[in-house]
Amino acid sequence: MNYKDYLSITPEIQEAIQEGKPIVALESTILSHGMPYPENIEFAHKVEEIVRAQGAIPATMAIIGGKLKVGLNSEELELMCKADNIAKASRRDVAVYLANGQTAATTVATTMLIANLAGIRVFATGGIGGVHRGAQETMDISADLQEFAHTNVCVVSAGCKSILDIGLTLEYLETYGVPVLGYQTSEFPCFYCETSGFGVDYKVKDAAEVAKIMKTKWDLGLDGGVLVGNPIPHEYSMDHKVIDEVINKALDMAKEKGIKGKATTPFLLATIKDLTGGDSLASNLQLAYNNAKVASQIAVEFAKK
Ligand code: PSU
Ligand code: MN
């Protein structure tokens with residue numbers, strides 16, 4: 001079988017791919033494991049509307065019934081949002097889930113992988129996975145980072161949460177030759193907060209500049225992703241002190257409960273939401289909308305190349 005036999009692409013997206021129209025990939029782990037129901041389903045629809053408003057076509061990804069789905073209909077979105085026992089597929093899980101005909105939400109790594117197979121070059125997420133704090137001992141480094149090392153997709157994120165070791169995450173990306181671009185900022189954003197205290201090497205001024213960097217990189221055969229750090233809009237940025245305290249508490253709770261492996265990130269996200277009384281969720285939604293907007297603008301510029 002050819003890899004295309006594993007893909008299930010909606011007719012609208014298929015046509016857009018063929019005609020070189022702007023398309024923005026969206027992930028489903030953020031829906032199934034990153035946000036509660038029904039906020040997640042409202043988000044899933046709204047984020048797609050934002051992409052369309054910018055003149056691009058949304059392609060939410062998932063693994064459903066053993067197929068790599070590129071573009072989900074309303075029922076499929078509902079399925080990813082409502083089922084609370086949905087699996088989380090990272091790179092290592094893809095072949096197993098496909099071979100067994102399973103259904104799973106896709107992480108940043110897996111969404112990049114599917115986008116690349118379908119020929120989609122821009123992807124909007126909330127935050128990426130990275131090097132976990134204490135990784136020196138646990139070796140817990142998200143497969144998202146390895147995906148950036150060799151998969152040609154530009155990912156627009158609000159950086160990563162400080163549940164991770166941001167400094168080590170940036171080191172890892174440097175080692176694997178991944179350009180990290182600050183979108184109108186010279187600091188790597190840290191999800192709920194505009195700033196992290198960690199600088200990026202490149203501050204880009206607009207979507208056209210990102211598109212040019214993507215094209216140049218891939219023209220040169222420099223395989224791998226491009227990471228855009230797009231800060232949360234100022235009015236939604238949370239207080240560092242408040243969120244840091246909550247994150248430390250969530251990390252302590254994870255340790256006490258012995259949470260490990262792929263359960264770690266979803267546990268921390270849900271705990272942070274509970275500890276902030278839902279405040280963190282409001283910020284999470286806004287930063288993801290903002291990423292979808294910027295990713296769409298990049299996709300529109302890249303389609304001109
Ligand atoms: N970071 C967030 N929200 C999320 C995720 C990360 O702020 O929902 C999700 C993404 O799908 C990411 C995944 O790819 O968690 C990383 O999981 P892990 O750390 O197990 O690789
Ligand atoms: Mn992990």
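Every number in this text was worked out from the coordinates using simple rules, so none of it is lab data. These numbers were taken from a predicted model, which means no experiment stands behind them. Note: ideal-geometry Cβ built from the backbone for every residue, glycine included; neighbour counts use all protein chains shown.
List of remarks:
- Computed [θ] at 222 nm, deg cm²/dmol, the chain (DSSP H ≥ 4; -39,500 (n - 2.57); rounded to nearest 500): -14500 deg cm²/dmol
- Fraction in percent of alpha-carbon pairs per bin - 10 Å, segment 81-220: 11, 39, 35, 14, 1
- DSSP beta bridges in the chain [antiparallel fraction, %, rounded to 5]: 30 percent
- Using alpha carbons only: equivalent-ellipsoid semi-axes of segment 191-305, gyration tensor based, whole Å: 33, 17, 13
- The residue among P179, V47, Y97 whose Cα reaches farthest toward the positive pole of the charge dipole of the chain, with charges on the beta-carbon of Lys, Arg, Asp and Glu, is Y97.
- Label reach from Q184 (point 7 Å along Cα→C-beta): in segment 287-305, amide nitrogens under 19 Å belong to 287-302.
- Note on the chain: with a GNM built from Cα contacts shorter than 10 Å, the maximum mean-square fluctuation among G229, G134, G71 falls on G134.
- Dimensions (Å) - the chain, Cα atoms, principal axes, largest first: 49, 42, 35
- Binning all Cα-Cα separations of segment 1-58 at 10 Å, short to long from zero, yields these whole-percent fractions: 20, 41, 32, 8.
- Panel values: segment 1-104, Kirkwood radius from alpha carbon pairs, Stokes-Einstein at 37 °C and 0.692 mPa s, translational diffusion coefficient 232 µm²/s.
- In whole angstrom, segment 224-272 maps to an equivalent ellipsoid with semi-axes of 24, 18, 8, each derived as √(5λ) from the alpha carbon gyration tensor and ordered largest first.
- A quarter of the convex hull surface defined by the alpha-carbon atoms of segment 176-221 gives 3.7 nm² as the mean projection.
- Within the same chain, lysines fewer than 8 places from K241 are excluded, and of the rest, those with a Cα less than 19 Å from its Cα are K161, K249, K273.
- 5 Å binning of all Cα-Cα separations within segment 197-243, expressed as whole percents from 0 upward: 4, 15, 21, 20, 15, 10, 7, 6, 2
- For C154, residues with placed amide H under 5 Å, excluding near neighbours: V122, F123, V226
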